[in-house]
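Q: Please read through the structure below; I'll follow up with questions.
The values are calculated or read from the model by the stated rules, or taken from the named source; none is laboratory data. Just so it is clear, the model here is predicted, and its values are computed rather than measured. Backbone-built Cβ (ideal geometry, glycine too); neighbour counts: all protein chains shown. Quick note on the areas: whole protein, heavy atoms, side chains included, nothing else; ligands and nucleic acids left out. Shrake-Rupley method; radii C 1.70, N 1.55, O 1.52, S 1.80 Å.
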Amino acid sequence: MVPRNLTHVSEFLLLGFSEEPELQPLIFGHFLSMYLITVFGNLLIILAVSSDPHLHKPMYFFLSNLSFVDICITSTIIPKMLWNIQTQSQVISHEGCIIQMYFFVLFVGLDDFLLTVMAYDRFVAICHPLHYTVIMNPHCCGILVLVSWIISVLHSLLETLMVLMLSFCREVKIPHYFCELKQLIQLACSSNFLNELVMNFGAGILGGVPLAGILYTYCKIASSICRISSAQGKCKAFSTCASHFSVVSLFYCTCLGVYLSSAAPHSSHSSATASAMYTVVTPMLNPFIYSLRNKDIKRALRAFILSLGSGQFGN
């Protein structure tokens, strides 16, 4: 039995990327600029989709949800990191750490599910175009997003409750810039076997099953595109899923990088750097990928910006 006094830890220390004082202003400016670009870019996507009736389609409905989740992911971890750098403090309260971990696990899982739902949407659009409006009706789209939220909330709640059962020593130094689930489990003073088991099982099911679904849908999509006779038809079909495929590749490649770096010995800083790829860089690049490769989004963004300039938006 672990002594009761080990559980009364009031605060943790986030060591961040580097403890060298001369690097802190550079890190602060770098992450502040990426955070602002992420929030501004994804917010523009949401406003453009909501303001343009031509974009009130399932694909753009899912895209606006993905943009909202990307804003939430970065807002869960970056403001606290910037505040700690500005105040020259590494402290985060026990309650704050648990809350940050809960919302991070929630939104990353939701991001994964939304990418899977978007792959299914492209599968129906390309492989079953005549039944697209019937299958992807507003009710179905709402159910898919709602189910994604429910599963993500329940999974995050389970992981959080499991962490709350752990005991921590008096001084807990997290070699990361946010309260990552794996780091917290590894730093516990009590037995973490059950936590490791639940975490790995959850990652395998909630990460592996969506990935398998995405790969299956893209195999079907590729097969359908190959059967199209005209080159113009093939290019049009490919362009409708190119942006999503780019985002999926970026998300899973960066997650794989985090897994490989965390599995290597003495990988604290490399794991934090790899984590920055899918917590900051990927959400920042998503709006650019979708806007640069999608004519409808570019048209809606131009119309939205022009309406802001003329003062007609919202009138």
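Q: At what distance in nm do the modelled label points of residue 157 and residue 200 sit from each other, each positioned 7 Å from its Cα along Cα→Cβ?
A: 2.7
Q: Tell me, what does the Kirkwood hydrodynamic radius of region 69-133 come to in angstroms if you use every pair of distinct C-alpha atoms?
A: Here the Kirkwood hydrodynamic radius works out to 14.3 Å.
Q: What does the charge count around residue 42 come to, taking other residues whose C-beta lies under 15 Å from its C-beta (Lys +1, Arg +1, Asp -1, Glu -1)?
A: Net local charge, residue 42 excluded: -2.
Q: Need one number for the chain: average projected area of the convex hull over its C-alpha atoms, nm².
A: 19.0
Q: Accessible area of region 1-99 with a 1.4 Å probe: how many percent of it is carbon plus sulfur?
A: With neighbouring chains kept in place, the figure for region 1-99 is 67 percent.
Q: Quick one: accessible surface of residue 68, probe radius 1.4 Å, all protein chains present, in square angstrom to the nearest 10.
A: 100
Q: Quick one: net charge of residue 114's neighbours, Cβ under 12 Å, K/R +1, D/E -1?
A: -4
Q: Ok, one more. What does the accessible area per residue of the chain come to in Å², with a 1.4 Å probe and no ligands, DNA or RNA counted?
A: Ligands and nucleic acids excluded, the figure is 51 Å² per residue.
Q: If you don't mind, there's one more thing I want to ask. Starting at the first residue of region 111-124, write each ³J(HN,Hα) from the Karplus equation 6.51 cos²θ - 1.76 cosθ + 1.60 with θ = phi - 60°, in whole Hz, x for Gly and Pro.
A: Running phi through 6.51 cos²θ - 1.76 cosθ + 1.60 with θ = phi - 60° gives 4, 4, 5, 5, 5, 5, 4, 5, 5, 5, 4, 5, 4, 5 Hz.
Q: What's the local net charge at residue 69, with K and R +1, D and E -1, over the other residues with C-beta under 15 Å away?
A: Net of charged neighbours comes to -3.
Q: If you average 1/r over every pair of different alpha-carbon atoms in region 28-75 and take one over that average, what Kirkwood value in Å do you get?
A: For region 28-75, inverting the mean 1/r across all distinct Cα pairs yields 11.2 Å.
Q: Here's something else I'd like to know. Can you list the residues, at least 5 places off or on another chain, whose amide H is less than 5 Å from the amide H of residue 91, using H built in the peptide plane?
A: When sequence neighbours closer than 5 places are left aside, the close amide H contacts are 14.
Q: Using 7 Å Cα-to-Cβ label points, what is the residue 190/residue 99 separation (nm, one decimal)?
A: 2.3
Q: If contacts are Cα pairs under 8 angstrom and at least 6 residues apart, what is the relative contact order of region 11-291 in percent?
A: Once divided by the residue count of region 11-291, the mean separation gives 28 percent.
Q: Turning to a different aspect of this structure: Could you please put 155, 30 in sequence from largest to smallest accessible area, using a 1.4 Å probe?
A: Largest accessible area first, the residues go 30, 155.
Q: While we're here: One-quarter of the Cα convex hull surface for region 166-285, in nm²?
A: 9.1
Q: Not counting the cut sites, what is the longest span of the chain without GluC sites (Glu not before Pro) that DSSP labels loop and that have at most 15 other Cβ atoms within 10 Å?
A: No qualifying site falls inside 20-170, the longest such stretch.
Q: For residue 209 and residue 11, FRET efficiency with R0 = 30 Å and r from the beta-carbon atoms, rounded to 0.05?
A: 0.25
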